[in-house]
Amino acid sequence: MSENKILFNTGSLDELSQEVTNLTNNEDSKLKLTPDNADSGLAKLVLTLVELIRKLVEKQAMRRVDGGLLTEEEIERLGETLMKLEMKMEELKKHFNLTDRDLNINLGPLGDLM
Amino acid sequence: MVMSIMIYAILSTKKNPGKLNALLTGIKGVSGVGLYAISVDKIALVVCDINKADIIADKSCAIEYAGVIETLAQQFTLLPVRYGSVMESTETIKKMLERNYAEIQQNLLKVENKFEFGLKVFCDSQKIKDEIKTETESIIEPEQSSENSIYREYINKKFKEHKFEELLLAHVDEIILDITTRIAQLNPTHKFKKMVSPTNIIDAVFLLEKDKKKDCINVVNNLQNKYPGLRLILTGPWPPYNFVDITIK
């Protein structure tokens with residue numbers, strides 16, 4: 001971006017450049033499937049989808065807790081389920097040597113997946 | 001070698017039909033190739049001949065391509081076309097133009113005498129979260145009993161995180177409302193994206209009349225004064241990249 005296109009900016013250009021780089025250069029969050037890494041690439045793709053669904057389930061569960069319609073017993077069971085899901089997910093990430101950042105795929109103009 | 005035609009932009013030539021060819025002789029396309037226009041009535045496409053295999057998805061080519069669109073936008077109302085858009089022949093381009101003429105005209109009318117401006121709002125969302133947390137700790141404290149199990153504790157922790165997320169989004173919505181209210185006087189079309197990243201909490205684009213640039217800067221300046229904890233960056237004027245809404249038939 002040329003400097004004459006910046007109409008208002010209170011910080012330094014270096015800071016701006018860093019912010020833009022952070023937004024556009026998220027290499028870890030790209031899916032790079034090649035013949036050599038088909039296994040790990042597929043694991044990343046599958047775990048990304050599983051993590052997305054797990055987070056959606058967690059959000060929905062929190063809405064139900066917030067709604068105040070669950071009994072203490074139901075909340076306990078929900079807590080146990082969500083906790084075990086998170087632990088299992090951590091295990092899988094460790095097994096495939098993936099981090100949270102790896103699973104947050106960058107969708108280009110749409111931003112990050114999660 | 002099969003040659004194709006790469007399209008840069010769709011222009012309205014109704015006000016200055018003779019000017020386009022003169023302008024095109026003075027500018028070059030990506031990698032120095034010559035540009036020419038293909039017209040149907042009052043709409044023209046600025047194009048160049050290219051071997052499909054030579055189109056490189058590379059940053060410097062995309063910047064050169066954007067530079068051409070920028071130069072054209074200074075003198076014509078136009079719809080920018082995505083880098084790498086190619087068609088097989090002049091004939092297919094003319095047919096496409098004829099099929100989509102009304103829709104293209106409508107879009108050209110929408111962006112006539114207007115430029116796009118981008119506003120990015122950056123902040124440390126963790127800092128905002130901490131502020132919200134301090135302010136609302138007691139309000140969102142979930143029910144506690146003296147003998148909480150680890151599962152109940154886990155739910156409580158997740159519930160707090162969930163409420164903080166909700167409050168953060170509500171805070172961002174408040175800022176967006178403030179921006180739209182203040183900028184409404186400039187009568188823009190706008191689009192907002194929230195929480196693009198943990199630091200880029202708002203990414204907005206405005207379509208404004210060309211002579212409203214200074215007013216827009218003033219609005220952003222006032223907003224920055226109101227929110228010293230945020231960092232606002234206004235860019236432009238740009239061709240209307242985010243305001244073209246055509247499904248090519």
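The values are calculated or read from the model by the stated rules, or taken from the named source; none is laboratory data. This structure is a prediction, so every number in the text was calculated from the model and none was measured. When we count neighbours, we look across all protein chains shown, and the Cβ atoms used for this are built from the backbone with ideal geometry, even at glycine. In case anyone asks, the SASA skips ligands and DNA or RNA and just uses the protein heavy atoms, side chains included. Shrake-Rupley method; radii C 1.70, N 1.55, O 1.52, S 1.80 Å.
When segment B:180-198 is filtered for residues that are surrounded by 19 or more Cβ atoms within 10 Å (Cβ to Cβ) and out of contact with any helix residue (DSSP H, G or I) (no Cβ under 6 Å at 6 or more places or on another chain), the ones remaining, listed by number, are B:PRO188, B:HIS190.
Count of segment B:228-249 residues, restricted to those that are of a type outside the set (A, V, I, L, M) and within 11 Å of chain A (Cβ to nearest Cβ), is 8.
Scanning segment B:24-62 for residues that are part of a loop (DSSP other than H, G, I, E, B), touching a helix residue (DSSP H, G or I) at 6+ places or on another chain (Cβ under 7 Å) and either at pLDDT below 85 or surrounded by 15 or more Cβ atoms within 10 Å (Cβ to Cβ) (or both) yields B:GLY29, B:LEU35.
With respect to being modelled with pLDDT of 85 or more, open to solvent by less than 10 Å² (accessible area, probe 1.4 Å) and within 30 Å of B:THR77 (Cα to Cα), B:LEU109 falls outside the description. Of the set (1) open to solvent by 60 Å² or more (accessible area, probe 1.4 Å); (2) modelled with pLDDT under 85; (3) assigned to a helix (DSSP H, G or I), all apply to B:GLU147 but (3).
Filtered by the rule that a residue be in contact (Cβ under 8 Å) with a residue 40 or more places away in the chain and under 23 Å from the mean Cα position of the chain (by Cα), segment B:48-65 gives a lone residue, B:TYR65.
Looking across segment B:214-240, the residues that are closer than 30 Å to B:ARG99 by Cβ and either exposed (fewer than 15 other Cβ atoms within 10 Å of the Cβ) or in contact with a Leu (Cβ under 9 Å, 6 or more places away or on another chain) (or both) come down to B:PRO239, B:PRO240.
Looking across B:LEU20, B:LEU24, B:LEU35, B:LEU78, one residue alone is under 28 Å from B:LYS110 (Cα atoms) and under 24 Å from the mean Cα position of the chain (by Cα). It is B:LEU78.
Scanning segment A:15-47 for residues that are modelled with pLDDT under 90 and within 29 Å of B:LYS163 (Cβ to Cβ) yields A:GLU19, A:ASN22, A:LEU23, A:ASN26, A:SER29.
On the basis of being modelled with pLDDT under 90 and closer than 25 Å to B:ILE202 by Cα, does A:ASP100 make the cut? Considered against the rule, which asks whether it is modelled with pLDDT under 90 and closer than 25 Å to B:ILE202 by Cα, A:ASP100 comes out as yes.
List the pairs whose first member sits in segment B:154-178 and is within 27 Å of B:LEU232 (Cα to Cα), whose second member is among the aromatic types (Phe, Trp, Tyr) and surrounded by fewer than 19 Cβ atoms within 10 Å (Cβ to Cβ), and whose Cβ atoms are under 7 Å apart, counting only residues at least 6 apart or on separate chains? Taking only residues 6 or more apart or on different chains, the pairs are B:ILE175/B:TYR227; B:ILE176/B:PHE192. Out of segment A:78-106, which residues are surrounded by 13 or more Cβ atoms within 10 Å (Cβ to Cβ) and among the charged types (D, E, K, R)? Within segment A:78-106, A:GLU80, A:GLU86, A:LYS93, A:ASP102 meet the criteria. Report yes if some residue within segment B:203-213 is open to solvent by 20 Å² or more (accessible area, probe 1.4 Å), away from chain A (no Cβ under 11 Å), within 25 Å of B:LYS114 (Cβ to Cβ) and assigned to a loop (DSSP other than H, G, I, E, B); otherwise report no. Looking for residues that are open to solvent by 20 Å² or more (accessible area, probe 1.4 Å), away from chain A (no Cβ under 11 Å), within 25 Å of B:LYS114 (Cβ to Cβ) and assigned to a loop (DSSP other than H, G, I, E, B), one finds none in segment B:203-213, hence no.
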